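Chemist: Pasting a structure below so you can have a look.
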């Protein structure tokens, strides 16, 4: 018979009446305490997807039935659709659930068509609501958002909370990628941090969300349509999608390197790689796009990250398309917004839309914005 200590090492936990006097007193006491904890604390162990380079076991308390959880989420979504932020504790719990969902997703998250692909939102909540009116409500429409949900607009909190709530409620019907503004550094400069302080009186919600941003997928692949989707652009360090799949994405956006490039780079009329005027990422020419698409059996690269006055813009002989979904960007640029609907037959349709009626946002003087962030 193997020793009791050997059984404990293998995870065998005996009930108190199974323990006799031959078992050391300290083992009996430890066993009793452990069993008492198990009776009173419902713990579920969830192992995360190793596709993002993780592998640690995560522990989470989950006692709410699915139906009750869905009802609670539906109430939160209804509140958010009225542009009313959730209390801090509800945001915390929502983001913990979102981490569990996002940890299961790949760095190159597969998405099925039909799907509606969207660009930058930047805290323009009422324009996001208009987008859902035009494109269809989630889950009726399958959505893919390519990042930059926060900063610059006046409702970053409500915008990102709504998208995260929809992700938790309908995980197979909405994909939310990371943009360069889903970052601790950038959000401290361009508005999200200050908005959280103003609306909650402290930085807790900002920290909760910026911790969650680390789990957002970096890119997506609309498999049937051979469309590669990401926020920024390509990287000289990345030749294949498999190399992206190998990243450990759960970290702050680095200042340089391939992960940074995916969120910061831009297409350019000049061939080859160039130094980006943004100070991060690269510019890449048509030759780079064509080679990347050929190597990875892709038809199109869809990306966001740049203001385009018509809401979308083709580049590199229709090898790349830029989609921008924040109309009248920064409440002063006068641009249209668009979304791209992709059908099952590899076809795509652009829907342009104008800004929703103003809902009390302060007046903003017209000046040339800083396009480079």
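We did not get these values from a lab; they are worked out from the coordinates using the rules stated. Source: prediction; values computed, not measured. Cβ coordinates were reconstructed from backbone atoms using ideal geometry, including for glycine residues, and neighbour counts include every protein chain displayed.
Chemist: Could you give the nm distance between label points at residue 101 and residue 336, where each point is 7 Å from its Cα heading toward the beta carbon?
Modeler: Those two pseudo-labels are separated by 3.2 nm.
Chemist: Please give the FRET efficiency for residue 309 paired with residue 256, using the beta carbon to beta carbon distance and R0 = 22 Å, rounded to the nearest 0.05.
Modeler: Working: r = 30 Å, r/R0 = 1.38.
Step by step, r from the Cβ atoms, then E = 0.10.
Chemist: Checking the a/c ratio against 1.5 first, then a/b against b/c, what shape does the Cα gyration tensor give for segment 312-361?
Modeler: oblate
Chemist: Let me see the P(r) profile for segment 105-206: every Cα-Cα distance counted, bins of 10 Å, each bin given as a percent of all pairs.
Modeler: Pair shares across the bins are 15, 48, 30, 7, 0.
Chemist: Follow-up question, since we're still on this one. Of the listed peptides 118-127, 275-284, what is their order by residue-averaged count of other C-beta atoms within 10 Å, with the highest listed first?
Modeler: Details: 118-127: 26.8, 275-284: 17.8.
Per-residue mean Cβ counts within 10 Å order the peptides as 118-127, 275-284.
Chemist: Please report the spacing between the Cα centers of segment 186-212 and segment 286-315 in Å, no decimals.
Modeler: 32
Chemist: Let me ask something additional. Between segment 255-280 and segment 96-135, what's the alpha-carbon centroid distance in Å?
Modeler: Result: 24 Å between the Cα centres.
Chemist: Place the peptides 233-243, 341-351 in order of packing, highest mean first, counting for every residue the other Cβ atoms within 10 Å and averaging per peptide.
Modeler: Details: 233-243: 17.5, 341-351: 14.3.
Most protected by this proxy first, the peptides run 233-243, 341-351.
Chemist: Another one. Rounded, prolate or oblate: which fits segment 70-155, taking a ≥ b ≥ c as square roots of the Cα gyration tensor eigenvalues, rounded meaning a/c under 1.5, else prolate when a/b beats b/c?
Modeler: Details: a/c = 1.40, a/b = 1.10, b/c = 1.28.
Rounded.
Chemist: Label segment 263-330 by shape, choosing from rounded, prolate and oblate, from the square roots a ≥ b ≥ c of the eigenvalues of the Cα gyration tensor; if a/c is under 1.5 it is rounded, and otherwise prolate applies when a/b is larger than b/c, oblate when it is not. Could the numbers behind the result be given before it?
Modeler: On the way: a/c = 2.16, a/b = 1.33, b/c = 1.62.
In terms of gyration-tensor shape, oblate.
Chemist: Can you work out the PRE-style zone for residue 240? Point 7 Å along Cα to Cβ, and I want the residues of segment 214-234 with backbone N under 20 Å.
Modeler: 218-224, 226-229, 234
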